[in-house]
Amino acid sequence: MIPVSWIFALSVLVFATGALGVLIRKNAIVMFLCIELMLNGANIFFVGVSKMRGAAEGHIFVLFMMAIAAAEAAIGMAIITAFYRRKGGVEVDRADLMKW
Amino acid sequence: MLKLILAVILIPLAGAMINGLFCWKTKRKAHLIAVPAIAIPAVISLVLFWKVAHGQRFDGTFYWWISVGNFRIPIGFLLDELSAVMIVTVTFVATWIHIYSIGYMDHETDRGYAKYFCYLNFFVFFMLTLVLANNYLLMFVGWEGVGLCSYLLIGYWYEKASAANAGMKAFITNRVGDFGFMIALFLLYKHLGSLIYHDVFASAHELTLPLATLITLLLFMGATGKSAQIPLYVWLPDAMEGPTPVSSLIHAATMVTAGVYMVARSHVLYNLAPFAMEVVASIGAATAMFAASMALVNNDLKRVLAYSTVSQLGYMFVGVGVGAYAAGVFHLFTHAFFKGLMFLCAGSVMHALHGELDMQKMGGLYNKMKITAITFIIGALAISGVPPLAGFWSKDSILHHAFVSGHKIIWFVGTVTAAMTAFYMFRLIFLTFFGEPRDKHIYEIAHENPPVMTIPLMVLAFFSATVGLLALLPGGGFEGFLNRLFEAAHHGAEHAAHGGHEAGGAAVLILISVLVAFMGIGLAYAMYMKHTPDPKKLTERFRPIYTLLYNRYYVDELYFALFINPTVGISRHVLWKIVDVLIIDGIVNGVARLCSLVGNLIRKIHTGFIPDYAWAILVGIIIVCGLKIIF
């Protein structure tokens with residue numbers, strides 16, 4: 001039996017990895033992957049809590065979130081593709097129209 | 001009674017609304033609405049007058065207009081002897097002037113024709129509001145309303161710069177007087193707590209003498225504006241830019257008499273302030289003579305009549321100023337007929353000559369325009385005070401009261417003015433209608449006008465000749481009727497009631513005033529028909545006086561130098577260039593510049609790089625969560 005604290009530790013580790021990746025990387029695809037990592041970190045957390053309380057809500061939430069993540073992935077990749085066509089690369093510092 | 005009063009007031013308003021809102025529909029038929037809209041109230045006014053003559057009065061509230069705490073102003077009406085006389089005069093003269101206008105305005109465009117009748121009805125509505133109101137504030141509404149209509153009608157030909165300017169001049173000059181009027185109303189409300197005549201007059205004795213004097217003088221300041229007295233008379237001669245029936249209705253018969261009406265209406269207050277009454281009488285006498293002297297040399301047909309109006313208004317103020325309110329109002333009543341008539345005659349001449357107003361170019365028109373000439377002569381005889389025509393009775397009554405109340409100087413000025421009046425009126429007649437035609441072309445085109453214009457002339461001429469006889473009715477005649485109102489509030493101080501019985505003295509006074517009238521007429525005949533003394537030679541001999549009179553004492557120039565140019569100068573160089581451009585624009589632009597500056601500083605935060613925003617979000621979350629944990 002794996003202790004719940006381990007599951008939480010894993011969740012925090014995955015989430016922090018994702019957050020760090022979003023903050024320090026410039027490649028939009030990598031950042032996008034990192035956002036998925038953050039989502040999955042949160043999912044693990046939900047599962048852990050659900051297991052700890054012996055209730056099923058957390059599992060249901062996770063299913064919903066996976067569906068949303070899938071939809072988001074499709075839109076996100078489409079945006080990145082369009083961005084690549086316009087700017088000739090996927091580095092986010094190419095998106096500077098909003099700069100003062 | 002209230003229903004009848006409302007009908008009198010609202011029918012002209014309805015007429016104005018129909019022509020105003022549907023002028024694209026009524027067009028040339030505007031008079032079919034406008035004339036009945038005055039004629040019906042005229043009939044109702046006669047009914048009301050008949051009721052008042054039989055001792056009925058009305059003072060009632062239609063509804064409460066303003067009701068804020070203790071400040072309560074009704075839309076209420078007062079019908080007594082004074083307002084009954086006023087509504088009959090206004091509606092009756094207005095009816096004939098409306099009919100006359102059909103002929104006079106037939107050259108107008110469709111739209112302008114309806115607009116003209118709309119304004120004219122609107123004017124009558126406000127004038128009736130003015131005279132029927134039972135409180136000062138509602139009177140002030142009418143007071144301002146007639147001023148507005150006067151402005152609109154003076155500037156009726158607004159494409160002409162002189163007409164537009166004359167309208168503005170009239171309006172602004174009146175504002176100066178209205179300023180005094182309003183302060184008087186504030187003082188009345190402050191010290192008596194009401195503006196309703198009934199309450200004001202009932203508690204008027206509580207006013208201290210200086211206060212009563214101040215209030216009445218301020219009210220009179222309003223009257224000098226509206227009724228064209230020194231020093232605010234300057235707008236009236238320029239107001240002749242409007243269509244002539246307008247000059248007849250507004251600037252001779254009705255609106256300009258509003259000041260006299262107001263003083264007569266406030267007689268309770270004026271009786272408390274002898275000094276103010278002296279001022280009213282003196283200003284009236286001074287204006288009468290001053291304006292008459294300017295009429296002596298003017299060559300513009302309508303302007304002579306305008307100065308004559310100013311002069312006659314002066315007489316009315318002499319009347320009310322010496323405490324003979326009834327005589328003043330009687331002169332107002334007769335003057336409405338004969339001056340209205342003379343303006344219509346002038347309009348008839350002008351219409352026939354395609355707008356020519358210079359008397360020096362006329363002459364001999366009697367042969368071409370017999371009706372106009374004869375009716376004009378009747379009007380001129382009436383204003384000159386030739387018995388038994390209307391002006392004789394009323395003017396003589398004023399002079400008589402001035403004399404017996406001890407105002408000998410004012411009586412003398414008035415008598416001299418009467419001679420001047422007769423002179424300039426007959427100078428006008430001889431130059432216009434008699435003698436040799438001085439301009440062949442103008443003589444050629446002259447023709448008598450259609451009946452729609454000459455019938456009003458004949459009707460008004462008939463009344464100009466006969467209304468004076470009302471003075472002979474039993475019970476003191478016309479003035480006795482009015483004195484039912486004035487003497488109820490005014491015991492003892494009525495010198496005239498006793499003086500009037502000195503038949504011998506009165507006869508001498510009458511003889512003198514008739515004599516001076518004939519002297520004036522005779523002199524005009526000698527100068528302009530016989531040329532002995534020749535007016536041209538006289539002009540040469542008295543060149544400085546002639547120039548002074550001809551240029552109207554340079555009063556307009558003086559006002560320009562003293563008030564208008566400094567005002568324009570201050571407006572341009574201080575208010576515009578400094579206050580507006582520097583201060584007001586500075587504040588507005590400064591606020592905009594400040595926003596722009598702060599924005600410029602703060603927008604540096606937005607780098608446009610996504611990781612920076614992500615960092616900001618992370619840091620924000622950490623701070624928020626940290627705060628949550630700590631507290």
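What ranking do A:I80, B:I578, B:I99, B:I154 get, fewest neighbouring Cβ atoms within 10 angstrom at the top?
Final ranking by Cβ density, sparse to dense: B:I578, A:I80, B:I99, B:I154.
Work out, step by step, the length gained on full extension between B:I629 and B:H198: first 0.36 nm times the residue separation, then minus their alpha carbon distance; give nm to one decimal.
147.4 nm
What is the pair-distance distribution P(r) of segment B:1-152, computed from all Cα-Cα distances in 10 Å bins starting at 0, with each bin given as a whole percent?
12, 39, 31, 14, 3, 0
How far, in nm, would the chain grow between B:D556 and B:L601 when pulled straight, counting 0.36 nm per residue and subtracting the alpha carbon separation?
10.2 nm is the gain from fully extending B:D556 to B:L601.
Using r as the Cβ-Cβ distance of B:T567 and B:D300, and R0 as 25 Å, what FRET efficiency do you calculate, to the nearest 0.05?
My answer for the efficiency is 0.35.
Please report, largest first and rounded to whole Å, the three semi-axes of the ellipsoid equivalent to segment B:562-630, where each semi-axis is the square root of five times an eigenvalue of the C-alpha gyration tensor.
55, 14, 5
If I stretch the segment between B:V47 and B:F186 completely, what's the gain in nm (0.36 nm per residue apart, minus their alpha carbon distance), one decimal?
Using 0.36 nm per residue and subtracting the Cα-Cα distance, I get 46.4 nm.
Lysine pairs, Cα distance under 17 Å, 8 or more residues apart or cross-chain: how many in segment B:1-134?
Within segment B:1-134, the lysine pair count is 4.
A:K26: which lysines have alpha carbons under 24 Å from its alpha carbon, excluding same-chain residues fewer than 8 sequence positions away?
Hits, sequence-local ones excluded: A:K87, A:K99, B:K604.
Put +1 on the Cβ of each Lys and Arg and -1 on the Cβ of each Asp and Glu in the protein assembly as shown; which of B:A30, B:V88, B:G435 then has its Cα farthest toward the positive end of the dipole?
Checked the options; the winner is B:A30.
Using only atoms on other chains, find how many Cβ atoms lie within 10 Å of each Cβ of peptide B:610-621 and report the average.
3
Between A:A42, A:A16, A:A78, find the one with the highest GNM mean-square fluctuation for chain A; connect C-alpha pairs within less than 10 Å.
Of A:A42, A:A16, A:A78, the Gaussian network model singles out A:A78 as fluctuating most.
Counting only other chains, and only Cβ atoms inside 10 Å, what mean value do you get across the residues of A:20-27?
Across the residues of A:20-27, the mean count of other-chain Cβ atoms within 10 Å is 3.
Can you give me the distance in nm between label points at A:Y84 and A:S5, each placed 7 Å from the Cα along the Cα-to-Cβ direction?
In this crude label model, A:Y84 to A:S5 measures out at 4.5 nm.
I need the peptides B:527-540, B:67-80 ranked by packing, meaning the mean over residues of other C-beta atoms within 10 angstrom, with the highest value on top.
B:67-80, B:527-540
If you count, for every residue in B:163-172, the Cβ atoms of partner chains within 10 Å of its Cβ, what is the mean?
Taking all residues of B:163-172 together, the mean is 0.
Return, ordered by residue number, the residues of segment A:29-56 whose backbone nitrogen is under 18 Å from a label point located 7 Å along Cα→Cβ of B:L618.
Flagged as within label range: A:29-42.
To the nearest Å, what is the center-to-center distance of segment B:413-466 and segment B:48-121, using C-alpha atoms only?
29
Quick one: if you take sqrt(5λ) for each eigenvalue of the C-alpha gyration tensor of segment A:4-89, what semi-axes come out, biggest first, whole angstrom?
So the equivalent ellipsoid measures 30, 16, 4 Å along its semi-axes.
Semi-axes, largest first, in whole Å: what does sqrt of 5 times each Cα gyration tensor eigenvalue give for chain B?
52, 32, 26
Please sort B:370-378, B:222-230, B:23-31 by packing, taking for each peptide the average over its residues of neighbouring beta carbons within 10 angstrom, highest first.
Ranking, from highest mean packing down: B:222-230, B:370-378, B:23-31.
For a quick check: sort B:M359, B:M17 by the number of other beta carbons within 10 angstrom, fewest at the front.
Taking fewest neighbouring Cβ atoms as first place, the list is B:M17, B:M359.
So, R0 is 60 Å and r is the distance between the beta-carbons of B:E159 and B:I545; what FRET efficiency does that work out to, to 0.05?
For B:E159 and B:I545, the calculated efficiency is 0.95.
Using a 10 Å cut-off on Cβ atoms, rank the peptides B:310-323, B:544-557 from the highest mean neighbour count down.
B:310-323, B:544-557
Could you derive backbone 3J(HN,Hα) for segment B:528-534 from the dihedral phi with the Karplus parameters 6.51, -1.76 and 1.60 (θ = phi - 60°), listing whole Hz in sequence and x where the residue is Gly or Pro?
9, 9, 9, 6, 10, x, 6
Could you check how many percent of all C-alpha pairs in segment B:174-262 are farther apart than 23 Å?
In whole percent, the long-distance tail amounts to 32.
A short reminder: the numbers here are calculations on the coordinates, not readings from a lab. Just so you know, these numbers come straight off a predicted model, no measurement behind them. With ideal geometry, Cβ positions are generated from the backbone for all residues, glycine too; neighbour counts draw on all protein chains shown.
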